[in-house]
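Notes for the one structure printed next.
The values are calculated or read from the model by the stated rules, or taken from the named source; none is laboratory data. Since the structure is predicted, the reported quantities are computational estimates derived from the model, not experimental observations. Note that each Cβ is placed from the backbone with ideal geometry, even for glycine, and that neighbours are counted across all protein chains shown.
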Amino acid sequence: MNLRDLKYLVALADLRHFGQAAEACFVSQPTLSTQIRKLEEELGVTLIERAPRNIMLTAAGQDVVQRARRIVADVEEMKESARRSRDPESGTLRLGVFPTLGPYLLPHIIPGLRERFPQLELLLVEEKSDVLLQRLRDGKLDAALLALPLHDEQLQAQFLFDEPFLLAVPARHPLARKKTLRIEALNEETLLLLEDGHCLRDQALDVCRLSGAQEKSGFRATSLETLRQMVASGVGVTLLPALSVHAPIVQPDGIQLVPFTAPAPNRRIALVWRKSSALEDLLQSLGDVIGRQARAQLPPD
């Protein structure tokens, strides 16, 4: 068994196609297929269910692939650690961010990151939180910006900032006349929320539970911008994170934003990486810059 064969297996598990996996690994399809069979023979189990148009992992295959991912990621981190010891702030960093944060945070932090880390190439990946977490565990990301809390002993989280929510209401809504409001004011409201898979949905549901508000039935938005336009059209009210309403974001006509009195509902944003990462010192410095830049855009506590 060698590292190359484990990489072949991981590629096949990801792509579920021998030809595509071979291409991704820069080998011929017969070579990849032969090495996978040799790996099966060595382990004494079948890893892949082979059908004409369907490649599936067996139960044993799923376990081996999970372990292979960790091994491959550890070896890559070993190589990265050696290279970073020579020049820790150069090279490429794969950073994940979820959709209801990325478009509103990144314009504020990228200039500061470029100034502080001029030799660092940031590869940004925008996905829902569950996808980012899995890619982080699999070694496909170096770090991710995520909302706390997290419950994973493999991961290290550096708290960066609290982002308060504002209530977005149609301009003619009774609450639109309020300068501020308490969370209890939502008791009789029904909120427009995002579809399943968005962490903002879970955060908004927490606010609903605290305030007694309900979710508007029959509607789940696919994006924050859809929520914003629905409120402007008078369909209902929703919660918007503070950075999503910060300049240069322009609010549509017909929408009024009302802040909450302290303690305002919020979400806690952290930079997250694997505890085994060789990039911890760099990531802590990166987190310091991101947190400082983000807090400068938010209202004081």
For this session: For the stretch 227-258, name all the residues that are within 24 Å of the chain's Cα centre (by Cα), among the β-branched types (Val, Ile, Thr) and surrounded by fewer than 16 Cβ atoms within 10 Å (Cβ to Cβ).
Result: 249
Seminar exercise, completed: Of the residues in the stretch 138-164 that are among the charged types (D, E, K, R) and part of a loop (DSSP other than H, G, I, E, B), the one that is modelled with the highest pLDDT is 142
Exercise. Which residues, taken from the stretch 183-214, are surrounded by 14 or more Cβ atoms within 10 Å (Cβ to Cβ), of a type outside the set (S, T, N, Q), out of contact with any Asp or Glu (no Cβ under 9 Å at 6 or more places or on another chain) and under 19 Å from residue 258 (Cα atoms)?
Worked result: 183, 185, 186, 189, 200, 207
For this session: Please tell me if residue 247 is within 25 Å of residue 226 (Cβ to Cβ) and either outside the structural domain of residue 115 (by TED's automatic domain parsing) or without any contact (Cβ under 8 Å) to a residue 24 or more places away in the chain (or both).
Result: yes
For this session: Run residue 218 past the list (1) farther than 27 Å from residue 295 by Cβ; (2) touching a residue at least 12 places away in the same chain (Cβ under 8 Å) and report the number of the one that doesn't hold.
Result: (2)
For this session: Count, please, the residues in the stretch 44-69 that happen to be buried (at least 19 other Cβ atoms within 10 Å of the Cβ) and either more than 20 Å from residue 135 (Cα to Cα) or outside the structural domain of residue 15 (by TED's automatic domain parsing) (or both).
Result: 2
Exercise. In the stretch 26-48, how many residues are free of Cβ contacts under 8 Å to residues at least 12 places away in the same chain and either within 30 Å of residue 154 (Cα to Cα) or of a type outside the set (A, V, I, L, M, F, W, C) (or both)?
Worked result: 9
For this session: May I ask you to verify whether residue 267 is buried (at least 21 other Cβ atoms within 10 Å of the Cβ), within 30 Å of residue 139 (Cβ to Cβ) and in the same structural domain as residue 137 (by TED's automatic domain parsing)?
Result: yes
